[in-house]
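Step one of this worksheet: look at the structure below.
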Amino acid sequence: MYQKKHNYHKILILLWTFTLICLPTPSYAASDPAAPVQEAPADPAAEAAQETTTPEPTPTLPPSYYEPIQTNEIKGWPEGPAVYAESALVMDIDTGTILYSKNMDDQKYPASITKIMTTLLVIENSRLNERVTFSDHAIWGIERDSSHIGIRIGENLSMKDCLYGMMLASANEVCLAVAEHIGGDVDSFVTMMNVKAKDLGCKNTHFTNPNGLPDEQHYTSAHDMALIAKAAFENETFREVCSTKAYRIGWTNKTGEDRWLGNHHKMLWEDSEYYYEGCLGGKTGYTDVALNTLVTYANRNDRNLVCITMRTQGRQVYLDTASLLDYGFTDFYQIPISEDKTREYSRYLLPFPALFLNYYSEATKSDILKTTLATVPVETALDNLNLSVTADKNEITRTFSYNEYVVQTEHIRQPAGVKTLFNKPESLSSPLAAALPSNLADSFSNLPEWKYPVLALFGLAILLLIIRLTLFINKRKKRKKFH
């Protein structure tokens, strides 16, 4: 009896085990608080739609995208966009104000944006109708897979053709030919480039060739390129060349066909996906070591900006530039500083400051009375700017700043023969300091020649006054004695 009951229990246990094995096992992953709960779609069509709309993973951004933007650290300054470029800068050409800076003083390889300096020097040191003959070195002195327009040895082009060849088609052999033509040889022209860079205030630039082909000692910075680009833009011929979309080089002594050149800057072309309204051209650049470099000029609402981006991967260079130009045009405006500067300027002069404008030339007057522009964040009032003035024997410097960030520096040349009262920085917010001369004796010795007749008249007047007073006193004494 016991044995049967025991067997019966065994059979029940086996049946129960078999049932558990055959039934589906529930999942308990959702019980984990960290595990997301996924609800099933309402129907198969919804499930299919969910699968087709699953977003693709975002590409990894380069480390340079997260690097700090120095202008974002200025109190009250509009926050600038993050960009892929390792170095970037936006400058208002009209005022020289730097609106955006990211690693702007870091030395980078410029590639073909070097040609802006080359073009500027060519314009300044030649005439458009001069003829340039291409030497063996000009043709064979470049890498054969680099940019060129197929010029032949002994071929003869006008200097105008050469300018368009350099700026539109980025022709490297043309750069060597114009360097030889102007400098006598390439090395002498490169010396001219470095001297010009120094004269423009560049501090992190050294050129070794006129075309930007790779060289470890050939470098610049976004800040220096902005100074060069600004100087070039102020030249009318340069502006015309860099903004031209297409140009034809006609027949020459070596070829019986036309050469058509197209501007490489894609933001200039209306049919390009990178077209930017108001773009005035610029210069592209690329080498394996420099990556993409770009200088872009743009104008909107009568304001001219230049944007520099250096070391960017691929076509992102255009997206970065568009973002930076939008920032410069949208978040800033130019404020006129047109108050009469006569009283302010005359405080620093001897003698008779109220009358000095009647004596000095019209050129000096125009410098003193001209209207100054400063570029500032939108809605900034003139009262938000601080003005300081420094002076030496050659010029007076007026500096306007926004929360200690310089937005405009103005240099007023000193009238000949006039000595300023101050040889150290003084703020106009300190009237007591402005009222006290630092060295009257030295100031007097440097006055114009007309100081002597004026002082003679002044001395004569004093002498007559003394004589009159003496006679008056003697007369009074005699009257008292008589009475």
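By the beta-carbon count within 10 Å of each Cβ, the least crowded to most crowded order of Met166, Met192, fewest first, is Met192, Met166.
Estimate the FRET efficiency between Tyr65 and Thr397 by the formula 1/(1 + (r/R0)^6), using the beta-carbon distance for r and 35 Å for R0, to the nearest 0.05.
Details: r = 38 Å, r/R0 = 1.09.
Working from the Cβ atoms, E equals 0.35.
Under 5 Å from the amide H of Gly281 lie the amide H atoms of Tyr297, each residue being 5 or more positions distant or on a separate chain, with H modelled from the backbone and absent for Pro and chain starts. Annotation for Asp106 and Arg413: the two label points, set 7 Å from Cα along the Cα-Cβ direction, are 4.1 nm apart. List, in the order given, every pair from Lys75/Lys203; Lys198/Lys230; Lys115/Lys230; Lys115/Lys196 whose Cα-Cα distance in the structure shown is over 18 Å. Over 18 Å Cα-Cα: Lys75/Lys203. Evaluating 6.51 cos²θ - 1.76 cosθ + 1.60 at θ = phi - 60° for every residue in the stretch 67-75, the Karplus couplings come out as 5, x, 9, 5, 5, 5, 8, 7, 4 Hz, glycine and proline recorded as x. Per-residue Karplus couplings for the stretch 376-384, computed as 6.51 cos²θ - 1.76 cosθ + 1.60 with θ equal to phi - 60°, are listed in order as 9, x, 4, 6, 7, 8, 4, 5, 7 Hz, Gly and Pro entered as x. Scanning residues 5 or more positions from Leu373 or on other chains, those with amide H under 5 Å from its amide H are Ile337, with H placed 1.01 Å from N in the peptide plane. Whole-Hz Karplus values for the stretch 275-281 come out as 4, 10, 4, x, 5, 10, x Hz, taken residue by residue from phi with 6.51 cos²θ - 1.76 cosθ + 1.60 and θ = phi - 60°; glycine and proline positions read x. Distance between the 7 Å Cα→Cβ label points at Asn235 and Leu319: 3.5 nm. Placing +1 on the Cβ of every Lys and Arg and -1 on the Cβ of every Asp and Glu, with no other charges, gives the stretch 101-253 a dipole of roughly 480 debye about its Cα centre.
For each of Arg398, Arg239, Arg152, count neighbouring Cβ atoms within 10 Å of the residue's Cβ, then give the residues from fewest to most. Don't skip to the answer; put the middle values down first.
Details: Arg398 20, Arg239 16, Arg152 12.
By the 10 Å Cβ count, ascending: Arg152, Arg239, Arg398.
What's the exposure ranking of His148, His411, going from fewest to most Cβ atoms within 10 Å?
Numbers: His148 19, His411 12.
Ordered from fewest to most neighbouring Cβ atoms within 10 Å, His148, His411 come out as His411, His148.
Here, each number is a calculation from the coordinates, and none is a lab measurement. Computed from a prediction, not measured in an experiment: that's the story for all the values here. Note that we place each Cβ from the backbone using ideal geometry, even for glycine, and neighbour counts take in every protein chain shown.
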